[in-house]
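Have a look at the structure below, then the notes.
The values are calculated or read from the model by the stated rules, or taken from the named source; none is laboratory data. A quick note: this is a predicted structure, and the numbers were derived from the prediction, not measured. Here the Cβ is made from the backbone with ideal geometry for all residues, glycine too, and neighbour counts use every protein chain on show.
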Amino acid sequence: MIPGANGTVLGDDGLARPPWASADPLLRDYYDTEWGLPVRDEQGLYERISLEGFQAGLSWATILRKRPAFRAAFHNFNPDIVADFTEADVERLLQDPGIIRNRLKIRAAITNAKAVIALRSEGGLVDFVWSFQPADTPQPLMHADIPTQSPESVALSKALRKKGFSFVGPTTMFALMEAIGMVDTHLVDSHRRGTSGVWPAAGA
């Protein structure tokens, strides 16, 4: 890897990525193929919200490595199934070494599944979340230029909490917005900048 301009790292394939996506093959593949691309289906968005909640205080690499186990444990994050989980299911999940065994986070995933279902009568989770898309997006040159929250993520956090969601703080929601393409925080020099179809490349 060769340090590139503006904070990116030039990979052996000649593509520029941020440092966090340059070393670990799992993170590199996630960055190249998934992170920052729009998610506009209910189940996919519920999964992202759930995993962002489980990630709180941990590394994203840890969550990615456990994602297959999470998907198995939570029935591919089908909210209709997870909403019916009982305390017995909570205890079962607390014994599952493949996931993050945190009682509060597990219960939050169940609570949030119920909130997802309740939102269907108001247009659904996808339209609700995407209604907080900002008018513009950051154009970071360096990792230090990337904010950790925004007025929109603060507003989204408050709105989701009012709808019964938990583990949806402003920083967690900004990470969600980055992951699903609502904001583009790819470094300006990155090969992924402007590839979401939501935002143009810097300077375009």
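Could you say whether any residue in segment 81-95 is in contact (Cβ under 8 Å) with a residue 40 or more places away in the chain and surrounded by 15 or more Cβ atoms within 10 Å (Cβ to Cβ)?
First, pick out the residues of segment 81-95 that are in contact (Cβ under 8 Å) with a residue 40 or more places away in the chain: none.
Within segment 81-95 (the criterion being in contact (Cβ under 8 Å) with a residue 40 or more places away in the chain and surrounded by 15 or more Cβ atoms within 10 Å (Cβ to Cβ)), the answer is no, since none of the residues qualifies.
Answer yes or no: is there a residue in segment 63-84 that is of a type in the set (S, T, N, Q), farther than 15 Å from Arg48 by Cα and out of contact with any Lys or Arg (no Cβ under 6 Å at 6 or more places or on another chain). Can you show your working first?
Going residue by residue through segment 63-84, those that are of a type in the set (S, T, N, Q) are 76, 78.
So of that shortlist, the ones also farther than 15 Å from Arg48 by Cα come out as none.
No.
Got a sec? Which of Asp41, Asp12 is among the acidic types (Asp, Glu) and more than 15 Å from the chain's Cα centre (by Cα)? I'd like the intermediate steps shown before the answer.
On the way: Asp41 fails: more than 15 Å from the chain's Cα centre (by Cα).
Residue meeting the stated conditions: Asp12.
Restricting to segment 39-66, name every residue that is farther than 18 Å from Met177 by Cα and buried (at least 17 other Cβ atoms within 10 Å of the Cβ).
Passing the criteria: only Lys66.
Does Gly36 meet the test of being within 20 Å of Arg193 (Cα to Cα) and part of a loop (DSSP other than H, G, I, E, B)? Steps first, please.
Values: within 20 Å of Arg193 (Cα to Cα): yes; part of a loop (DSSP other than H, G, I, E, B): yes.
Criteria met by Gly36.
Which residues, taken from segment 164-204, are modelled with pLDDT of 95 or more, of a type in the set (Ser, Thr, Tyr) and part of a loop (DSSP other than H, G, I, E, B)?
Across segment 164-204, the qualifying residue is only Ser166.
I need the full set of residues from segment 40-71 which are under 15 Å from Tyr30 (Cα atoms) and not in a helix (DSSP H, G or I), in order please.
Ser59
Within 30 Å of Pro151 (Cβ to Cβ) and of a type outside the set (Asp, Glu): is that true of Gln95 in this structure? Outline the logic, then answer.
Numbers: within 30 Å of Pro151 (Cβ to Cβ): no; of a type outside the set (Asp, Glu): yes.
No.
Please go through (1) surrounded by 14 or more Cβ atoms within 10 Å (Cβ to Cβ); (2) part of a helix (DSSP H, G or I); (3) free of Cβ contacts under 8 Å to residues at least 60 places away in the same chain for Ile100 and return the number of the only condition it doesn't satisfy.
Failing condition for Ile100: (2).
Out of Ala115, Ala108, report the one residue that is in a helix (DSSP H, G or I), over 16 Å from the mean Cα position of the chain (by Cα) and surrounded by 17 or more Cβ atoms within 10 Å (Cβ to Cβ). Explain how you work it out, then say what you get.
Numbers: Ala108 fails: over 16 Å from the mean Cα position of the chain (by Cα).
None of the other options fit; the residue is Ala115.
A quick yes/no check of all residues on (1) in contact (Cβ under 8 Å) with a residue 60 or more places away in the chain; (2) more than 18 Å from Leu141 (Cβ to Cβ); (3) among the acidic types (Asp, Glu):
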{"site": "Thr8", "(1), (2), (3)": "yes, no, no"}
{"site": "Leu26", "(1), (2), (3)": "no, yes, no"}
{"site": "Arg48", "(1), (2), (3)": "yes, yes, no"}
{"site": "Arg65", "(1), (2), (3)": "no, yes, no"}
{"site": "Pro68", "(1), (2), (3)": "no, yes, no"}
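From (1) over 30 Å from Phe85 (Cβ atoms); (2) crowded, with 17+ Cβ neighbours inside 10 Å; (3) touching an Asp or Glu at 6+ places or on another chain (Cβ under 9 Å), pick out the condition that doesn't hold for Pro134.
(2)
The conditions are (1) farther than 30 Å from Gly14 by Cβ; (2) in contact (Cβ under 8 Å) with a residue 40 or more places away in the chain; (3) not in a loop (DSSP other than H, G, I, E, B), and Arg161 fails exactly one of them. Which is it?
Status for Arg161: all satisfied but (2).
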